[in-house]
Each structure stands twice: as structure tokens, then as C-alpha cells.
Amino acid sequence: MSSFDTLHNNYEHNFIKYNAGFLKAMFGTADVTPFWIADMDFKVAPAITEALQKIVDREIYAYEFPTHKVFAAISDWFLKRHALQLDKKAFIQVTGVLTGIAVLIRELTNEGDGIMIQTPVYHQFANIIKTSNRKVVNNPLKIVNGKYQMDFKDVEEKIKSEHVKIILLCNPHNPVGRVWSKEELQKLVALANEYNVTIISDEIHADIVFDAATFTSIASLDQAKHITIIGSPAKTFGMQGIANGYLYIKNEEVHQKIKKAVTSLYLDHGNALSAYATIAAYTNGQEWLDELLVYLQKTIDWIHDFLQTELPQIQLFTPEGTYQIWLDVSGLNLSEEALKELFFHKAKLAFTPGSWFDANHSQYMRMNIASPLSVIKDAFQQLKTVID
Ligand SMILES: Cc1ncc(COP(=O)(O)O)c(C=O)c1O
């Protein structure tokens, strides 16, 4: 039995994932097992707990921002994990990945400009664009032979017709689970360069990649123009509640502009707990992450087999990366309302409805699988019982 097999929530907490008020507001009932928000149910790597424990044991919480050590730890990690050499001077710390995206959009575009997203995609992208008074330009992904692909023809047409200034890329892609290949990214970069569009690449899921795929950072293709959100340790190490976000901007002029904006808003420093946990994660978390990836792969294999034999009406898009799975539930032949009734009220499962990620995807569901396999198995058994 691995440590990932145990559910640890029998202590006082206010985790959003389990919060009754949130669940009721979103799913119409709090009587559900939650598989929605991209948090993990797993305990973090022991190295993270040890680092945090040391800080707590000091019992002194003076101002302390060892940011340069954080940047060094991230750079070392990218070199050993992704064979990517990064320049420590190109990092800018922000309080979170979404904060970083919001600042970049505001600084690099004007109100009314077009920002392209590849739908269905993480729902906060559209929110950030709209609340910044910019225009959401959808570039829908295509399904070709059961696999999601980018529609480059549509990218080019919309760049020209919709005043697109930024392409907000999600790599690995939440929720469809693609890890974009080097060739796909090269095509996107070529189009962006041709039309003077900046790619902002959200790579928060970069480390959750399974054997069949290889992660390519935009930073490995073009550092002159495009911007990488190297992300944060949040998803990799399950530390969403304390993680900061990291921008990587090599272009000197853009770097200075963004640094100035971030500093003027006092968003450039996190806190000591976050910093030391991040250093510990990237320095000593490799073994834990390798075990996690094996565990998640085992879970995906189990779900794949279960759906094929027991619930063939539901189609799994086998993820190349992320711990979200994307399910096509159109084979159940139910309306959007009936699907919600079935999943939330009858099976008592809080899966995220596909319509969160794009209005046209009401026949899809996203499930977060970072839970013990026994919990996942129970969920699918419950689903099968109510469908039968
Ligand atoms: C693609 C993507 N970007 C950003 C975030 C959130 O990042 P943060 O909490 O650092 O703002 C998430 C969380 O699920 C995500 O999936």
C-alpha cells in the first residue's frame, strides 16, 4: 500500500474542495464526493513537510524572502527534469499564476484587444480576459482520430480578423490532457511571430506528464518574444494553498516593464513558508513525484479498462498530462440538466461540467483523479449503478 492510497481529511480544515457551501452553490447539493477543483487529496512530499516544520519550530516569522534561492531551485529542477537551461535573472515572482496572467494581459494589451484561447480550456482564462475588458477570441480545438489537435488555419484567420495580441496557451492542456508536441508548438510560434502576437504559455501542469508524452516548454523554442509562466509548484507537488507563481521573461524590455508593474502593485514577494516549501519541493521532491506519476498512471489504466468493459457509453480521452481526465458523456443520450441530475444528485459525484470550459461542451465532464484509487473506484461503481 502506498501513501497515496489513504484519504487524509479527518482533521479540521476549510478546503474549498470539500466546503459544503461551495458544493451546494455549484452542484445544488453538498452530499457529493468532490472530484472538481484541481487540488490533490494526497499528503505532500516529506521534504516539504520537513522544510515547513523547521520554519514553524523557529516560532519567529520575520520578513524573509529568499527569492534568489527559489529561482535557483526552479532552474535546477528544469535542467534535471526537462533538460532546459533557464536564466535565473529572467524570473519574476508573482503571488500566483493567474495573478501573473492578469498583469501580463493588462500591461501588454489595450482594452478591446483580442486574446486567443484554445477551447475547451481552464475557465479562469476567459474570466481574466473579460474582467480586464479585453475580447475573448475562441480558437476551438479539433478532435482528429479521437485526439485533440490545434486548428492552425483558424488560429491564422482569427489573428487577422480579431485584433489578436496574445495567445494564451495552456500546456499541458487543462482539461483535455494534451501535452503539446514540439512540432505543434513550433507551428504556433511561427504563426505568432509572423503576425507579431505574443504567446503566454501557462505551464503550471508541466511536471504531470505521463510516459507516452514529452513536455516542451515555449522557453525552449523562443525566448526572444514569448513569455512562459514557468508556473508554480502548486500542481506538481499538491501545495495549492501556499504556492506562488513564477513568470519567465527573457526579453529585457518586456521583463523590465512587467517587473515594474508587479513591483508597483507589491505583488513581487510571497512569504517564507511558500519560499522554503518551494525550494524543498524542487530540490528533494523528485522521488515523490515519480511515485505519484506511477500511481496516477495506474489510476488512468484502471479507469480506461472499467469504462471499456462496464460503461462503454462514456469515452475517456486518455490524458498525456495533468491529473484531470476529460470524459465525453454524450453516449448517455441525456440533456445537460439530466446529466447534472445523474452525476450530482443520483451518483453523488461532483465532476466539473464541461460547460465550465466552453459553452459548447455540456456533453463532457472533467474529473480530478488525484485521489486514492479506492475513492475513484467507488465513484465509477456508483456511476455504473445509477446508469444501470
Ligand atoms: C492551467 C491553470 N493555470 C492556473 C491555475 C491556477 O493557478 P494559481 O492558483 O497559481 O493562480 C490552474 C489551476 O487549476 C490551472 O489549471
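The values are calculated or read from the model by the stated rules, or taken from the named source; none is laboratory data. Please read all numbers here as calculations on a predicted model, not as lab measurements. With ideal geometry, Cβ positions are generated from the backbone for all residues, glycine too; neighbour counts draw on all protein chains shown.
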- Note on the structure: Subset of the range 1-51, residues aromatic (Phe, Trp, Tyr) and under 24 Å from the mean Cα position of the chain (by Cα), comes to Phe4, Phe15, Tyr18, Phe22, Phe27, Phe35, Trp36, Phe42
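This table checks each residue for (1) small (Gly, Ala, Ser); (2) within 30 Å of Leu79 (Cα to Cα); (3) not assigned by TED's automatic domain parsing to the domain that holds Lys17.
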residue	(1), (2), (3)
Thr278	no, yes, yes
Leu296	no, yes, no
Asp305	no, no, no
Lys346	no, no, no
Ser371	yes, yes, no
- Task: Collect the residues in the range 111-144 that are surrounded by 19 or more Cβ atoms within 10 Å (Cβ to Cβ), part of a strand (DSSP E or B) and aliphatic (A, V, I, L, M), keeping them in residue-number order.
- Result: Ile115, Met116, Ile117, Val137
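Is there a residue in the range 22-35 that is within 16 Å of the ligand (Cβ to nearest atom) and outside any helix (DSSP H, G or I)?
So far as the range 22-35 goes, yes, one or more of its residues are within 16 Å of the ligand (Cβ to nearest atom) and outside any helix (DSSP H, G or I).
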- Query: Where residues in the range 66-104 are assigned to a loop (DSSP other than H, G, I, E, B) and either within 16 Å of the ligand (Cβ to nearest atom) or without any contact (Cβ under 8 Å) to a residue 24 or more places away in the chain (or both), which of them is surrounded by the most Cβ atoms within 10 Å (Cβ to Cβ)?
  - Reply: Thr95
- Return yes when Ser181 is among the hydroxyl-bearing types (Ser, Thr, Tyr) and within 14 Å of the chain's Cα centre (by Cα) and no when it is not. no
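For residues in the range 196-207 being buried (at least 24 other Cβ atoms within 10 Å of the Cβ) and touching a residue at least 40 places away in the same chain (Cβ under 8 Å), which is farthest from the ligand (Cβ to nearest atom)?
The extreme case among them is Asp207.
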- Take the range 217-238 and flag every residue that is assigned to a loop (DSSP other than H, G, I, E, B), within 12 Å of the ligand (Cβ to nearest atom) and among the hydrophobic types (A, V, I, L, M, F, W, C). none
- Count - residues of the range 145-184 that are surrounded by fewer than 24 Cβ atoms within 10 Å (Cβ to Cβ), within 16 Å of the ligand (Cβ to nearest atom) and either touching a residue at least 60 places away in the same chain (Cβ under 8 Å) or farther than 23 Å from His123 by Cβ (or both): 2
